[in-house]
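S.K.: Pasting a structure here, questions to come.
The values are calculated or read from the model by the stated rules, or taken from the named source; none is laboratory data. Bear in mind the structure is a predicted one, so any value in this text is a computation, not a measurement. Don't worry about glycine lacking a Cβ; one is built from the backbone with ideal geometry, like all the others, and counts go over all protein chains shown. Surface accessibility is based on the protein's heavy atoms, side chains included, excluding ligands, DNA and RNA. Shrake-Rupley method; radii C 1.70, N 1.55, O 1.52, S 1.80 Å.
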Amino acid sequence: MKKRATATGTLDAIKAADALALDQFMIETDSPFMKPDKEWFTKETGMKKGNNEPAAMPAVCRAVSDTYDLGKYSPEDIADMTTKTAIKFFEFQKVDKIIHGSPSPLTKSDEN
């Protein structure tokens, strides 16, 4: 079932990431040949073959959810925390302020 993720070492990497707090964790879909196994895709996506792409992010969140910290977090928790981490890491609030004069609702935080 988890053949591709096991063969590439992806599951081992996620399990090793348990040493990191979830707020230090980011996920991405830039690796075209490391698409999650089909078990993590819903039927609605229609993504069974082909390269990894941004549309696979929900499946990546489900894979991380199943594996990270013994499945303690839901896919929605993974998506929320990793999005917040990326916003902070890439300083999107600063970019929004430069472009728009104020943060967008997505990057708005309690700090603003």
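S.K.: To the nearest 0.05, what FRET efficiency results for Ala55 and Ser102 with a Förster distance of 30 Å applied to their C-beta separation? The partial results should precede the final answer.
M.R.: Working: r = 30 Å, r/R0 = 1.01.
That pair, Ala55 with Ser102, gives E of 0.50.
S.K.: Can I ask one more? Please list Ser65, Ser104 from largest to smallest accessible area, probe radius 1.4 Å, with all protein chains kept in place. Don't jump to the answer; show the numbers that get you there.
M.R.: Working: Ser65 10, Ser104 35 Å².
Putting Ser65, Ser104 in descending order of accessible area: Ser104, Ser65.
S.K.: With only alpha-carbon atoms in the gyration tensor, what are the semi-axes of the equivalent ellipsoid for segment 31-105, in Å, largest first?
M.R.: On the way: eigenvalues 160, 52, 21 Å².
In descending order, the three semi-axes are 28, 16, 10 Å.
S.K.: For segment 54-101, what is the charge dipole size about the Cα centre, in debye to the nearest 20, if Lys and Arg each add +1 at the Cβ and Asp and Glu each add -1 at the Cβ?
M.R.: Details: 6 positive and 7 negative charges, 39 e Å.
That gives a dipole near 180 debye.
S.K.: Spelling out what I want: for every residue of segment 77-86, take phi, set θ = phi - 60°, compute 6.51 cos²θ - 1.76 cosθ + 1.60 (Karplus), and round to whole Hz; glycine and proline get x.
M.R.: For segment 77-86, the Karplus-derived couplings read 4, 4, 4, 5, 5, 6, 5, 4, 5, 5 Hz, x marking Gly and Pro.
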